[in-house]
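Here's the structure we're looking at; comments come further down.
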Amino acid sequence: MELVEKLLSGNKRAAARLITLVENKDPKAFETLKEIYHKSGNAYVIGITGPPGAGKSTLTDKLVKVFRKRDKKVGIIAVDPTSPFTGGSILGDRVRMSDLNLDPGVFIRSMGARGHLGGLSESTQAAVKILDIYGCDYIFIETVGVGQSEVDIVKTCDTTIMVMVPGLGDDIQAIKAGIMEIGDVFAVNKADRDGAKRTAREINMMLDFSKSDWRPPVELVVAIDNKGIEELFEQVEKHKSYLEESGQKEVRRIENCKNEIVDLVQQKLMDMILDKSSKEEMINKLSKEVAARKTDPYSACKLVLEKLRTT
Amino acid sequence: MDRPIRVLVAKPGLDGHDRGAKVIARALRDAGMEVIYTGLRQTPEQIVSAAIQEDVNVVAMSILSGAHNTLLPKVVELLNAEGADDVLVVGGGVIPDDDIPFLKEKGIAEVFTPGTPTQVTIDYIRDNVANK
Ligand SMILES: Nc1nc2c(ncn2[C@@H]2O[C@H](COP(=O)(O)OP(=O)(O)OP(=O)(O)O)[C@@H](O)[C@H]2O)c(=O)[nH]1
Ligand SMILES: [Mg+2]
């Protein structure tokens, strides 16, 4: 395939087009990925996540510039997992990354949820592979939110930066449960505002309970003024060295691959179960029977599984 | 639903208002399109670079500054130079009727003057993306 050769030679349009094809779930694109998958795995993947409006894009813009100063080729995937009911979306992360636009060593791609469940992390992971093979040394994935979608997406990362802002208060409590596993490095952005030190202290207190060998650092940053960015960069590099020297990078990547396989299987199973032609009809019929107490959900489940096995 | 039309909405030129661009961005989103919004004061080079990376079907530009006769053709020219001549380029904003034939000659597919209902723009994009 011509597209593959172009991608391997570092052609931007080829990378862009292949990402479009995986987003459109084009089976040919996945056939292509099968062929070239063995060439991926060289890029280091960094997740940037946190609440809406925390300054993730602004921070990504500044942090990427530090990597560019060291002449690293960078890919950025800006993911918006929110899925309005029209199916359309406005992807606005590029607004904060205008300067990177003309840098030939940076590739930025925006991705929306397109109304489907689960499919987004599949597309994101495929896009990571494409940018990896395209030749990026580092790939940043920006994603909003503190829900399951972002947990899924950061499962693909080597280092995840959790971006917080002063005065989250109760929000910190709310995301406490997931926060320890997700963040490898914490950035309290908008530290020009009141309460940044207090927020950092609260995060630090929670992290004191962390059992891992890696104690996530908490950095104060002011992304719009480019303050604290070099320090944040150093922390990312430290975490990278920790992963590499401890052997945890390999462990994490195996875990990520496992997650990816399980997700793919789950996705395909869902597609099979909700297959318009036969099974969905069966499920609809069973739902009525269960509601009318003619049968029970456990037996219904068994019937659907049997049907899956025989098709 | 699996393949929404991808549109880059850009605001070239030096003036500081992007209300028009935001209105059209929202209208296209509500019509089910995936809009990549790039913000104010974009140069043609920035617009084209973003259009290539985002692999959009359409570049829609809103322009008020009066520099449309240079900026819009420049975007088409740069897209063609990248081999991306399959991208549909449309313009909107304050553009005198007299300038429209010149812009079309330069490869801008359609120009929407103020007061054009957004539905007209949506329909135009739907119809013409398919033809490209
Ligand atoms: N005061 C202050 N404002 C900032 C800082 N960093 C970013 N902002 C502002 O915060 C707003 C949101 O910034 P973004 O970078 O778009 O935030 P985001 O987290 O990417 O937003 P979403 O992707 O929409 O969730 C913008 O108005 C920025 O200018 C900062 O360090 N201090
Ligand atoms: Mg953002």
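This table checks each residue for (1) more than 13 Å from ligand 2 (Cβ to nearest atom); (2) under 16 Å from the mean Cα position of the chain (by Cα); (3) under 27 Å from B:Arg29 (Cβ atoms).
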{"residue": "A:Val45", "(1), (2), (3)": "yes, yes, no"}
{"residue": "A:Gly50", "(1), (2), (3)": "no, yes, yes"}
{"residue": "A:Arg68", "(1), (2), (3)": "yes, no, no"}
{"residue": "A:Lys72", "(1), (2), (3)": "yes, no, no"}
{"residue": "A:Ala78", "(1), (2), (3)": "no, yes, yes"}
{"residue": "A:Gly87", "(1), (2), (3)": "yes, no, yes"}
{"residue": "A:Ile90", "(1), (2), (3)": "no, no, yes"}
| task | Tell me, yes or no, whether segment A:117-129 has at least one residue that is assigned to a loop (DSSP other than H, G, I, E, B) and either modelled with pLDDT of 95 or more or among the polar types (S, T, N, Q) (or both). | result | no
| Boolean, A:Asp271 is open to solvent by 70 Å² or more (accessible area, probe 1.4 Å), more than 15 Å from A:Ile161 (Cα to Cα) and in the same structural domain as A:Lys65 (by TED's automatic domain parsing) | no
| remark: Restricting segment A:211-245 to residues that are assigned to a loop (DSSP other than H, G, I, E, B) and open to solvent by less than 40 Å² (accessible area, probe 1.4 Å), the one farthest from A:Val66 (Cα to Cα) turns out to be A:Trp214
| query | Among helices (runs of 4 or more DSSP H) lying entirely in segment A:1-73, which contain 2 or more residues that are within 16 Å of ligand 1 (Cβ to nearest atom) and assigned by TED's automatic domain parsing to the domain that holds A:Asp99? | reply | A:56-69
| message | Just checking, does segment A:256-269 include any residue being more than 21 Å from the chain's Cα centre (by Cα), closer than 30 Å to A:Lys302 by Cβ and of a type in the set (A, V, I, L, M)? | response | yes
| query | So A:Ile90 fits all but one of (1) in contact (Cβ under 8 Å) with a residue 60 or more places away in the chain; (2) closer than 16 Å to B:Ile36 by Cβ; (3) of a type in the set (A, V, I, L, M); (4) within 16 Å of ligand 1 (Cβ to nearest atom); what number is the exception? | reply | (1)
| task | Return the residue satisfying two criteria in turn: it lies in segment A:246-268 and is touching a Gly at 6+ places or on another chain (Cβ under 9 Å) and open to solvent by less than 60 Å² (accessible area, probe 1.4 Å), and of such residues it is modelled with the lowest pLDDT. | result | A:Gln267
| request: Return a yes/no flag: does segment B:37-51 have any residue that is more than 9 Å from chain A (Cβ to nearest Cβ) and either of a type in the set (Val, Ile, Thr) or surrounded by fewer than 18 Cβ atoms within 10 Å (Cβ to Cβ) (or both). | output: yes
| B:Asp98 being open to solvent by 30 Å² or more (accessible area, probe 1.4 Å) and closer than 23 Å to A:Lys6 by Cβ | no
| query | Across segment A:58-83, which residue is least open to solvent (accessible area, probe 1.4 Å) among those that are hydroxyl-bearing (Ser, Thr, Tyr) and within 20 Å of A:Glu23 (Cβ to Cβ)? | reply | A:Ser83
| Of the residues A:Thr20, A:Thr32, which is open to solvent by less than 50 Å² (accessible area, probe 1.4 Å), more than 16 Å from ligand 2 (Cβ to nearest atom) and in contact with an Asp or Glu (Cβ under 6 Å, 6 or more places away or on another chain)? | A:Thr20
| message | Restricting to segment B:12-34, name every residue that is open to solvent by less than 70 Å² (accessible area, probe 1.4 Å) and facing chain A (nearest Cβ under 10 Å). | response | B:Asp18, B:Ala25, B:Ala27, B:Leu28, B:Arg29, B:Ala31, B:Gly32, B:Met33, B:Glu34
| field | Pairs with Cβ under 6 Å, 6+ apart, first in segment A:43-58 and within 14 Å of another protein chain (Cβ to nearest Cβ), second more than 10 Å from ligand 2 (Cβ to nearest atom) and among the β-branched types (Val, Ile, Thr) | value | A:Thr58/A:Ile224
| query | Taking only pairs six or more apart or across chains, which ones have beta-carbon atoms under 8 Å, a first residue in segment B:82-108 that is within 14 Å of another protein chain (Cβ to nearest Cβ), and a second residue that is crowded, with 16+ Cβ neighbours inside 10 Å and not in a helix (DSSP H, G or I)? | reply | B:Val87/B:Val56; B:Val87/B:Asn57; B:Val87/B:Val58; B:Val87/B:Val59
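The values are calculated or read from the model by the stated rules, or taken from the named source; none is laboratory data. What you are looking at is a predicted structure, and each value in this text was computed from that prediction instead of being measured. We place every Cβ from the backbone using ideal geometry, glycine too, and count neighbours over all the protein chains shown. SASA here: full protein model, heavy atoms, side chains in, ligands and nucleic acids out. Shrake-Rupley method; radii C 1.70, N 1.55, O 1.52, S 1.80 Å.
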